[in-house]
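Read through the structure below, which is laid out as C-alpha cells, and then see the notes.
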Amino acid sequence: MRLLFLDESGDALMGGPFKNLVLAGVVVRADQWIELNAGLEALKKNRGFAAATELKWRHIRHPGGRKNPLNAFSDTDRVQFGKDVLGIIRRSDSCRVLGVVIDKVTAYTRAGIQGPEDIYERAVTFIMERFQYYLNATNDYGVVVQDQRQEQQDLRLRVFYRSLLVAGTRWTRFPNIIEGVFLTPSHLSPGIQFADFVAGAIYAAHSDKPDNKFYNIIRGKITGNKLTGVRHGFKKWP
C-alpha cells in the first residue's frame, strides 16, 4: 500500500500575489511511514521542539513574528532546517514525489476554467493521474491523504475525487486508488507536513525569481521511467 500525502502552495484565485498554484505530495510505502515520522520527530527534538509542533514551509521563507516557531533562528538556520526536512524524504528508499504547477494567468484563458475551484480540480486531476501511473508501475494500491480546507470546499473536493474514481479521465482510470480522498488538518499529520515542504520547494523553484536550492534536494525523487529518464510525476500546465 502506498500513501500519497498532498498539500498546496500559492492559490487558485485570479490575480493576487501568487503567480502559480502548486499541488504536490509525497508518496510513501505504508510499512515505511513509521520511519519517515520518526525522522521528522527526531529533527524537531534536535532543534528543541516538541514532536507535536507543526513547522511549516512558510516558517522557513517568512520569519514573521512570535507566531513563527523558528523566529529566533537565523536566516541560515531556517534554510538548513528546510533542507533537513526535505533530506528525510531524499534518504527514504520508498519516498517518491509528485507535483503539478499551474500558471494561473494562462489557465484562466482556457475553456472550462471559470473560477478557483476549476483550477484546483484540474490540479487534482493531474496529480491523480500521476499517482495512478506510479501505482500501476509498482503493482500496488494507494490512498490519498490531503490537507483539509473549508467545509464547503472539502465537500466539493470529496465529490470531485469520487467522480474521478467512477468516470476516470480522458487519459486513465483509477483502479489502484482506494476510496477517493481522506482529509485531515495538517497539524495532526506528519505526512501532510512533509507535503507542505515539498509543495513549497516546488513553488520556490518555479516562481518569477527561481530558487532551486530546496527543489534540487527532492528533484531526483520525482516519479518517472528509469529507462527513458522521463519524469511523469511532474507536470506544468498550461
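The values are calculated or read from the model by the stated rules, or taken from the named source; none is laboratory data. Every value quoted in this text rests on a predicted model; they were computed, and no experiment measured them. FYI the Cβ positions are ideal-geometry reconstructions off the backbone, even for glycines, and counts take in every protein chain you see. Heads up: the accessible areas ignore ligands, DNA and RNA and are worked out on the full protein's heavy atoms, side chains in. Shrake-Rupley method; radii C 1.70, N 1.55, O 1.52, S 1.80 Å.
Between the residues Ile102, Ser74, Tyr120, the greatest Cα displacement towards the positive end of the dipole of region 63-155, with unit charges on the Cβ of Lys, Arg, Asp and Glu, is found for Ser74. Site pair Gln153 and Asp77 shows an inter-label distance of 3.2 nm when each label is modelled 7 Å from Cα along Cα→Cβ. Using a simple spin-label model with pseudo-atoms 7 Å out from Cα toward Cβ, Gln32 and Arg91 lie 1.4 nm apart. Shown here for region 1-79: trypsin sites (Lys or Arg not before Pro) in loop regions (DSSP other than H, G, I, E, B) with at most 10 other Cβ atoms within 10 Å, namely Arg66, Lys67. Each Lys and Arg contributes +1 and each Asp and Glu -1, all at the Cβ; summed about the Cα centre of the chain, the dipole is approximately 540 debye. Between Asp140 and Met14, the simple label model (points 7 Å from Cα in the Cβ direction) yields a spacing of 4.2 nm. Sequentially through region 52-64, phi angles give Karplus couplings (6.51, -1.76, 1.60; θ = phi - 60°) of 7, 5, 8, 10, 10, 4, 5, 5, 7, 8, 10, x, x Hz, Gly and Pro residues having no value and appearing as x.
A cut-off of 5 Å between modelled amide H atoms, ignoring neighbours fewer than 5 places along the same chain, links Val145 with Leu4, Phe5, Leu6, Phe182. The sum of -39500 (n - 2.57) across all DSSP H runs of n ≥ 4, divided by the residue count of the chain, sets its helix-only mean residue ellipticity at 222 nm to -13000 deg cm²/dmol. Just the protein heavy atoms count here, and of the accessible area of the chain at 1.4 Å, carbon and sulfur take up 50 percent. Across Glu41, Glu129, Glu151, the residue with the most accessible area heads the list, and the full order at a 1.4 Å probe is Glu151, Glu41, Glu129.
Rounded to the nearest 20, the Cβ-based charge dipole of region 168-238 about its Cα centre (Lys and Arg +1, Asp and Glu -1) stands at 400 debye.
Subtracting the Cα-Cα distance of Thr109 and Ala167 from 0.36 nm times their residue separation leaves 18.3 nm of extension gain. Per residue, the chain exposes 49 Å² of accessible surface when a 1.4 Å probe is rolled over the protein heavy atoms with every protein chain present.
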